Structures are given as structure tokens and as C-alpha cells.
1. Restricted to the stretch 87-119, and to residues that are acidic (Asp, Glu) and surrounded by fewer than 16 Cβ atoms within 10 Å (Cβ to Cβ), which residue is nearest to Thr52 (Cα to Cα)?
2. Pick out the one residue from Asp99, Asp104, Asp130 that is assigned to a strand (DSSP E or B), among the charged types (D, E, K, R) and either touching a residue at least 60 places away in the same chain (Cβ under 8 Å) or farther than 30 Å from Ile39 by Cα (or both).
3. Test of understanding: among Asn13, Asn84, Asn34, which residue is under 27 Å from Leu114 (Cβ atoms), among the polar types (S, T, N, Q) and in a loop (DSSP other than H, G, I, E, B)?
4. State which residue is surrounded by the most Cβ atoms within 10 Å (Cβ to Cβ) when the search covers only the stretch 43-56 and only residues that are among the hydroxyl-bearing types (Ser, Thr, Tyr) and touching a residue at least 40 places away in the same chain (Cβ under 8 Å).
5. Search the stretch 8-42 for residues being within 12 Å of Leu105 (Cβ to Cβ) and hydrophobic (A, V, I, L, M, F, W, C), and hand back the single one that is surrounded by the fewest Cβ atoms within 10 Å (Cβ to Cβ).
6. Got at least one residue in the stretch 57-76 being assigned to a loop (DSSP other than H, G, I, E, B), among the basic types (Lys, Arg) and surrounded by fewer than 18 Cβ atoms within 10 Å (Cβ to Cβ)?
7. Condition check: within 15 Å of the chain's Cα centre (by Cα) and within 20 Å of Ala23 (Cα to Cα). Does Val71 satisfy that?
Amino acid sequence: MRNEQEMMDLIINTATEDEHIRAVYMNGSRTNPNVPNDIFQDYDIVYVVTETSIFIEDENWINVFGDLLMVQEPDKLDRGIGLNMNFERRYAYLMLFTDGNRIDLTLQAKETMLEEYGKDKLTIPLVDKDKTG
């Protein structure tokens with residue numbers, strides 16, 4: 001299993017190298033100092049992107065994170081049952097890798113980030129290319 005530093009390096013380096021990813025932040029149990037680390041914790045990551053469609057149209061890009069055991073796309077499933085989902089604002093991938101690591105990755109438009117950032121008080125900024133916040 002890749003360790004936490006390897007995963008964080010991968011998440012941050014992927015964002016840094018892609019011009020369409022403008023910022024990255026993390027929330028969830030890994031940002032809470034009162035929650036003990038365990039093997040079941042995932043990485044709750046948000047990539048703030050110039051356009052979500054760039055990533056949604058060619059989903060092979062997620063392979064950079066490792067060998068996938070399974071991936072779920074809850075927004076696609078919700079749209080499939082008739083819910084009005086705006087993929088231009090946000091889109092999520094829930095990924096489980098063969099080494100046991102998990103990333104819940106949300107793509108988010110900058111406008112959505114400006115509305116939602118910080119609602120989770122345990123949000124930690126990781127990358128901010130445009131110095132937006």
C-alpha cells in the first residue's frame with residue numbers, strides 16, 4: 001500500500017502539472033486532528049478546474065492515480081435516475097485502488113469553489129495557483 005506521503009505527492013503533483021487544475025483542497029477525516037488514522041481513511045480531495053468537461057470526456061486521466069479496482073461516479077448515477085445534475089459545476093469520482101488506497105475526488109468549477117469553500121471547517125488548502133483564497 002502506498003503511504004500517505006506518496007499519495008499526497010501524487011495528488012499535488014498531478015494538480016501542479018495540469019494547467020486545467022487551478023487549486024486543490026482536502027477535507028474529511030484526514031484533516032481532523034481528533035480522528036486517529038486508520039487503514040480505512042480515504043483522501044477527500046477537490047480539484048478546482050477551468051472546465052469539468054475536459055476531465056469528464058476523457059476519463060483515462062484518472063489512471064494517473066494508480067491501478068483501479070473500482071470507480072463510482074455518483075453524479076452520473078444520479079443523472080441516470082433523472083436528477084438534474086450540473087456537471088459543469090461539479091463532478092465526483094470515488095476510486096478504490098488495488099493497493100487499498102481510496103480517493104474521493106471532486107472536480108469543481110471555480111465559481112462553485114467560491115460558493116462552497118470553507119463550509120467544511122476542516123478544509124485544508126493544498127495548491128492555489130491563482131492565489132484565490
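1. Quick first cut of the stretch 87-119, residues acidic (Asp, Glu) only: 88, 99, 104, 111, 115-116.
From what's left, surrounded by fewer than 16 Cβ atoms within 10 Å (Cβ to Cβ): 88, 99, 111, 115-116.
On the way: Glu88: 6, Asp99: 27, Glu111: 12, Glu115: 16, Glu116: 16 Å.
Here the residue is Glu88.
2. Values: Asp99 fails: assigned to a strand (DSSP E or B); Asp130 fails: assigned to a strand (DSSP E or B).
Testing whether each residue is assigned to a strand (DSSP E or B), among the charged types (D, E, K, R) and either touching a residue at least 60 places away in the same chain (Cβ under 8 Å) or farther than 30 Å from Ile39 by Cα (or both) leaves just Asp104.
3. On the way: Asn13 fails: in a loop (DSSP other than H, G, I, E, B); Asn34 fails: under 27 Å from Leu114 (Cβ atoms).
It is Asn84.
4. Our first condition is that a residue be among the hydroxyl-bearing types (Ser, Thr, Tyr); within the stretch 43-56, this holds for 43, 47, 50, 52-53.
From what is left, the residues that are touching a residue at least 40 places away in the same chain (Cβ under 8 Å) are 43, 47, 50, 52.
Values: Tyr43: 20, Tyr47: 24, Thr50: 14, Thr52: 22.
My answer is Tyr47.
5. Within the stretch 8-42, the match that is surrounded by the fewest Cβ atoms within 10 Å (Cβ to Cβ) is Leu10.
6. Applying the first criterion (assigned to a loop (DSSP other than H, G, I, E, B)) to the stretch 57-76 yields 58, 66-67, 73.
Next cut, among the basic types (Lys, Arg) only: none.
No: zero hits.
7. On the way: within 15 Å of the chain's Cα centre (by Cα): yes; within 20 Å of Ala23 (Cα to Cα): no.
Criteria not met by Val71.
FYI, it's all coordinate maths here, none of it is from the lab. None of the values given here were measured: they were computed from a predicted structure. We place every Cβ from the backbone using ideal geometry, glycine too, and count neighbours over all the protein chains shown.
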